[in-house]
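So the structure is just underneath, and the comments pick up after that.
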Amino acid sequence: MRMLRKIFCKKGKLCLRDYAHMADDGFENKVAIVTGAGNGIGFEICRGLATQGASVLLNDLDSSLALEAAEKIGAEGGICQSFPGNAGDPEFVEKMVAEAVTRFGAIDIAIANAGITTYGSFLEYTVEKFQKLVGLNLQGSFFLAQSAAKRMKEQGTGGRILFMSSVTGLQSHPYLVPYGMTKAALRMLAKGLVGELSQYGITVNAISPGAVGTERTIGDDPEFEVSWSGATPNGRIASPEDIADAALFLASDKAKHITGQNLVVDGGWTCTSPVPNLVIPE
Ligand SMILES: NC(=O)c1ccc[n+]([C@@H]2O[C@H](COP(=O)([O-])OP(=O)(O)OC[C@H]3O[C@@H](n4cnc5c(N)ncnc54)[C@H](O)[C@@H]3O)[C@@H](O)[C@H]2O)c1
């Protein structure tokens, strides 16, 4: 089993990370697909799976980003192949699952990570925006789970399906209502599939991250880390690795008896739910 230590610099800080403590998780000979994984949370999930022995198909809409990400993981010793395309398109998703089986021999882990976050006032929200949001966050996640589950059933070796939900699917957040609605639906999808997929040894779970520092969140808002650290009870935002750790656990054999659940990884945010920079009128 490969156990790699990765070293990277973030905002001038040297960070060391060692996956050796999770070496018993048994991803050797496992095949995984992760969508929307060119950067952020999905990328760290791919990196974690591949460095622990899984063969990973890394998807992103942006083909050069997907290729670069897969090459980076390959350079660290992981088996990772890019498969660019729209994870919201059921036909593409079916092809992606077929590719995992053709290239690596099976599909054991499917992680519907790709999701778009569209802000907007409820009163102004357009049909076009709504359809794009639902097309990826719900349609893409639903059909990845379906395509993967069909293969897992045929294989007869069980499997793991994970949906990337969000704390905004648990607590109300102004101007993120349609997004939060899709994320709440993913929790119900995980719960709902238990009745049909448990008989095949397939577990289905969701993860609900709180504020996570990714290329997108920090790129969109330079104050993201400061404001959300202040609004999070444990005083920090999550790193993509914090979420990847949760995903790797749920994808591992250690989580074989956990299904239909939603794992909240938010530093306690949903317990108090403050919104940063909230001004309370006199
Ligand atoms: N970052 C956070 O604070 C946070 C919090 C809660 C939940 N989430 C959820 O976690 C997941 C990942 O979030 P993130 O911030 O790491 O990702 P992100 O928004 O940075 O996107 C990651 C990648 O997804 C790709 N992508 C976009 N549309 C796609 C499509 N149609 N098909 C395939 N790839 C596509 C993008 O090119 C990008 O490289 C999302 O589902 C998001 O809703 C994120």
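Could you give me the residue pairs with C-beta distances under 6 Å whose first residue belongs to the stretch 106-132 and is within 14 Å of Ser165 (Cα to Cα), whose second residue is part of a helix (DSSP H, G or I) and polar (S, T, N, Q) wherever it lies, and which are 6+ apart or on separate chains?
Close Cβ pairs satisfying both conditions: Ala112/Ser141; Gly115/Asn137.
When the stretch 171-201 is examined, which residues are found to be more than 18 Å from the chain's Cα centre (by Cα) and of a type in the set (Val, Ile, Thr)?
Val177, Val194 - these are the residues of the stretch 171-201 that are more than 18 Å from the chain's Cα centre (by Cα) and of a type in the set (Val, Ile, Thr).
Kindly list the number of the only condition in (1) free of Cβ contacts under 8 Å to residues at least 12 places away in the same chain; (2) more than 21 Å from Gly36 (Cβ to Cβ) that fails for Gln261.
(1)
For the stretch 29-80, give me each residue that is touching a helix residue (DSSP H, G or I) at 6+ places or on another chain (Cβ under 6 Å) and on the phi > 0 side of the Ramachandran plot.
Gly36, Gly40, listed by residue number.
If Val56 satisfies every condition in (1) in a strand (DSSP E or B); (2) at pLDDT below 95; (3) of a type outside the set (D, E, K, R) but one, which is the exception?
(2)
Hey, can you tell me all the residues within the stretch 241-270 that are over 18 Å from the mean Cα position of the chain (by Cα) and either at pLDDT below 95 or assigned to a loop (DSSP other than H, G, I, E, B) (or both)?
Lys256, His257, Gly268
Looking at Leu133, Leu162, Leu123, Leu138, which is the one that is over 21 Å from the mean Cα position of the chain (by Cα), among the hydrophobic types (A, V, I, L, M, F, W, C) and outside any loop (DSSP other than H, G, I, E, B)?
Numbers: Leu133 fails: over 21 Å from the mean Cα position of the chain (by Cα); Leu162 fails: over 21 Å from the mean Cα position of the chain (by Cα); Leu138 fails: over 21 Å from the mean Cα position of the chain (by Cα).
Being over 21 Å from the mean Cα position of the chain (by Cα), among the hydrophobic types (A, V, I, L, M, F, W, C) and outside any loop (DSSP other than H, G, I, E, B) holds for just one of Leu133, Leu162, Leu123, Leu138, which is Leu123.
Given the structure, is Phe122 more than 16 Å from the ligand (Cβ to nearest atom) and within 20 Å of Lys183 (Cβ to Cβ)?
Yes, satisfied.
How many residues are under 19 Å from Leu65 (Cβ atoms), of a type outside the set (Val, Ile, Thr), in contact with a helix residue (DSSP H, G or I) (Cβ under 9 Å, 6 or more places away or on another chain) and assigned to a helix (DSSP H, G or I) when one looks only at the stretch 207-240?
Just the residues of the stretch 207-240 that are under 19 Å from Leu65 (Cβ atoms), to begin with: 212-220, 240.
Right, trim to of a type outside the set (Val, Ile, Thr) and you get 213, 215-216, 219-220, 240.
With the extra rule that they be in contact with a helix residue (DSSP H, G or I) (Cβ under 9 Å, 6 or more places away or on another chain), the set shrinks to 213, 215-216, 240.
With assigned to a helix (DSSP H, G or I) added as a condition, the list becomes 215-216, 240.
Result for the stretch 207-240: 3.
Just need a number here: residues in the stretch 165-206 that are assigned to a strand (DSSP E or B) and of a type in the set (Val, Ile, Thr).
3
Are any residues in the stretch 69-117 assigned to a loop (DSSP other than H, G, I, E, B) and more than 13 Å from the ligand (Cβ to nearest atom), and if so, which ones? Step through it out loud before you land on a result.
Let us first name the residues in the stretch 69-117 that are assigned to a loop (DSSP other than H, G, I, E, B), namely 76-78, 83-89, 105-108, 113-117.
If the condition is that a residue be assigned to a loop (DSSP other than H, G, I, E, B) and more than 13 Å from the ligand (Cβ to nearest atom), then Glu76, Gly77, Gly78, Gly105, Ala106, Ile107, Asp108 are the ones that fit.
Give the number of residues within the stretch 155-191 that are closer than 26 Å to Val97 by Cβ and free of Cβ contacts under 8 Å to residues at least 12 places away in the same chain.
1
Against the condition in contact with a strand residue (DSSP E or B) (Cβ under 9 Å, 6 or more places away or on another chain) and away from the ligand (no atom under 12 Å from the Cβ), how does Ala246 come out, does it pass?
Details: in contact with a strand residue (DSSP E or B) (Cβ under 9 Å, 6 or more places away or on another chain): yes; away from the ligand (no atom under 12 Å from the Cβ): no.
Answer is no for this residue.
Across the stretch 239-252, what is the number of residues that are in contact with a Phe, Trp or Tyr (Cβ under 9 Å, 6 or more places away or on another chain) and over 16 Å from Phe163 (Cα atoms)?
Within the stretch 239-252, residues that are in contact with a Phe, Trp or Tyr (Cβ under 9 Å, 6 or more places away or on another chain) and over 16 Å from Phe163 (Cα atoms) number 0.
Which residues, counting only those in the stretch 137-155, are more than 19 Å from Ile258 (Cα to Cα) and either more than 16 Å from the ligand (Cβ to nearest atom) or among the basic types (Lys, Arg) (or both)? Break it down into steps so the answer makes sense when it comes.
Going residue by residue through the stretch 137-155, those that are more than 19 Å from Ile258 (Cα to Cα) are 137-144, 146-147, 150-151, 154-155.
Hits for the stretch 137-155 are Gln146, Lys150, Arg151, Glu154, Gln155.
The values are calculated or read from the model by the stated rules, or taken from the named source; none is laboratory data. Keep in mind it's a predicted model, so treat the numbers as computed, not measured. We place every Cβ from the backbone using ideal geometry, glycine too, and count neighbours over all the protein chains shown.
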